[in-house]
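The values are calculated or read from the model by the stated rules, or taken from the named source; none is laboratory data. All values derive from a computational prediction rather than experimental measurement. In this analysis, Cβ positions are derived from the backbone assuming ideal geometry, glycine residues included, and neighbour counts consider all displayed protein chains.
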Amino acid sequence: MPSSSRHAADPPRLSVVVPVYNDPGGIRTTLESLVAQTYPTARYEVVVVDNGSDDTTPAVVREYCERYPELVTLLIEDEIQSSYAARNRGIEHVRGSLVSFIDADMTVEPTWAESVVASAEANDWDYMGCDIETYVVGDDSLTATYDRALGFTVQRYLEEAHFTVTACLTVRRSVFEHVGGFDSRLISGGDGEFGQRVHDAGLTQYFEPDITVYHPARTTLGAWLRKQFRVGRGSIQRRRYHPERSGSSHPLDPRKFLPLRPREFYGRLSNAMTPTARETVGLYGVGYLSKLARAAGGFYEQYLHE
């Protein structure tokens, strides 16, 4: 087991990998959060991987490299346009025995790194996901409400599908030596494919309820549906490259276009919030549009994408 190489007397060094593409404001917000940790800097590093940005994003990261030369490193992955390729680039250079991934635009508490290491010591996991709390920047919207209620259900992902999203993932570095890195061919769903590989290898997966990371909610329907379209494309790519771990049906499966089951949808929604009747109807509409956007993404990937 990868966790057997850990020495309890020597706390694991934590490496944080942050992929970024054309998001100078988001990466600044995230770095401000990551450089303010209570965990000893001698046992901690932040590796930002720029995925070929053509704006001021690299310059923002270099500011932090100059201010915190022992803590922040900038790498470039501009050969493959893929967040998973960027994460793999980071994995190649990290020095820690624990590797955490979060996204540019996210924030964490000052005690986050300390808590991650403490959880690894206490629970002896190989692969860990934690809670994601979404919050609204600017005006609230129906889409933001949907994202907060149903966007990230990490515990359910782990229990039912054996993965966590990369926005809140920590693994032992030895896990990558055991099962390999992320599949950079995937536009979406690489976190699920990787997590299932870890599970199939018999490694320990764990949900840590006492650690929370913070993610801004998508507030516009267009941004949300573009994400769902990518998810649909990724599901067909997984079906193509990893049929044994896909679980995705044919893009023309009629079930992909059927309305949501109202009772099932309301059950999921009411577990997350207490919606009014008007909210329930509106959120059901967002949910059904999301399903159609995923179906459209799958159709595009299968028949139209070259």
Notebook entry, point to check: Just for region 72-90: of the residues that are among the hydrophobic types (A, V, I, L, M, F, W, C) and either touching an Asp or Glu at 6+ places or on another chain (Cβ under 6 Å) or crowded, with 21+ Cβ neighbours inside 10 Å (or both), which one is farthest from residue 38 (Cα to Cα)?
Noted result: 85
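Residue-wise test of (1) touching a helix residue (DSSP H, G or I) at 6+ places or on another chain (Cβ under 7 Å); (2) in a helix (DSSP H, G or I); (3) assigned by TED's automatic domain parsing to the domain that holds residue 32.
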position	(1), (2), (3)
120	no, yes, yes
130	yes, no, yes
138	no, no, yes
144	no, yes, yes
148	no, yes, yes
152	no, no, yes
158	no, yes, yes
Note to self: Looking at region 231-247, I want the residues that are under 16 Å from residue 303 (Cα atoms) and have a partner that is crowded, with 20+ Cβ neighbours inside 10 Å and among the acidic types (Asp, Glu) with Cβ atoms under 6 Å, at least 6 apart or on another chain. Which pairs are those?
What the structure shows: 233/301; 236/301; 238/193
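Residue-wise test of (1) in contact (Cβ under 8 Å) with a residue 12 or more places away in the chain; (2) hydrophobic (A, V, I, L, M, F, W, C); (3) outside any helix (DSSP H, G or I); (4) under 30 Å from residue 121 (Cα atoms).
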position: 26; (1), (2), (3), (4): yes, no, no, no
position: 39; (1), (2), (3), (4): yes, no, yes, yes
position: 47; (1), (2), (3), (4): yes, yes, yes, yes
position: 55; (1), (2), (3), (4): yes, no, yes, no
position: 73; (1), (2), (3), (4): yes, no, yes, yes
position: 80; (1), (2), (3), (4): yes, yes, yes, no
position: 84; (1), (2), (3), (4): yes, no, no, yes
position: 91; (1), (2), (3), (4): yes, yes, no, yes
position: 100; (1), (2), (3), (4): yes, no, yes, yes
Check: If you check residue 213 against the conditions, is it within 16 Å of the chain's Cα centre (by Cα) and either part of a strand (DSSP E or B) or surrounded by 16 or more Cβ atoms within 10 Å (Cβ to Cβ) (or both)?
Finding: yes
Note to self: Please verify whether residue 183 is touching a Gly at 6+ places or on another chain (Cβ under 6 Å), surrounded by fewer than 22 Cβ atoms within 10 Å (Cβ to Cβ), assigned by TED's automatic domain parsing to the domain that holds residue 17 and part of a loop (DSSP other than H, G, I, E, B), treating the condition exactly as stated.
What the structure shows: yes
Check: Of 170, 164, which residue is hydroxyl-bearing (Ser, Thr, Tyr), assigned to a loop (DSSP other than H, G, I, E, B), crowded, with 19+ Cβ neighbours inside 10 Å and touching a residue at least 12 places away in the same chain (Cβ under 8 Å)?
Finding: 164
Checklist line | Contacts under 8 angstrom Cβ, first residue in region 181-200 being hydroxyl-bearing (Ser, Thr, Tyr), partner not in a helix (DSSP H, G or I), 6 or more apart | finding: 184/80; 184/82
Notebook entry, point to check: Among the candidates 103, 131, which residue alone is in contact with a Pro (Cβ under 9 Å, 6 or more places away or on another chain), closer than 26 Å to residue 36 by Cβ and buried (at least 19 other Cβ atoms within 10 Å of the Cβ)?
Noted result: 103
Checklist line | In region 250-291, the residues that are in a loop (DSSP other than H, G, I, E, B) and charged (D, E, K, R) | finding: 253, 261
Next item on the list: Select, from 272, 277, the only residue that is aliphatic (A, V, I, L, M), without any contact (Cβ under 8 Å) to a residue 24 or more places away in the chain, surrounded by fewer than 17 Cβ atoms within 10 Å (Cβ to Cβ) and not assigned by TED's automatic domain parsing to the domain that holds residue 181.
Entry: 277
Notebook entry, point to check: Hey, does region 155-170 have a residue that's acidic (Asp, Glu) and in contact with a strand residue (DSSP E or B) (Cβ under 9 Å, 6 or more places away or on another chain)?
Noted result: yes
Next item on the list: Starting from residues that are among the polar types (S, T, N, Q) and assigned to a loop (DSSP other than H, G, I, E, B), keep the ones in region 216-234 and report whichever is nearest to the chain's Cα centre (by Cα).
Entry: 219
Note to self: So for region 191-204 (the condition being surrounded by fewer than 16 Cβ atoms within 10 Å (Cβ to Cβ), within 24 Å of residue 91 (Cα to Cα) and not hydrophobic (A, V, I, L, M, F, W, C)), does at least one residue qualify?
What the structure shows: yes
Next item on the list: For residues that are modelled with pLDDT of 95 or more and basic (Lys, Arg), scanning just region 36-82, find the one that is nearest to residue 188 (Cα to Cα).
Entry: 62
Margin query: For residue 237, only one of the following conditions fails: (1) in a helix (DSSP H, G or I); (2) under 22 Å from residue 134 (Cβ atoms); (3) not charged (D, E, K, R). What is its number?
Written below: (2)
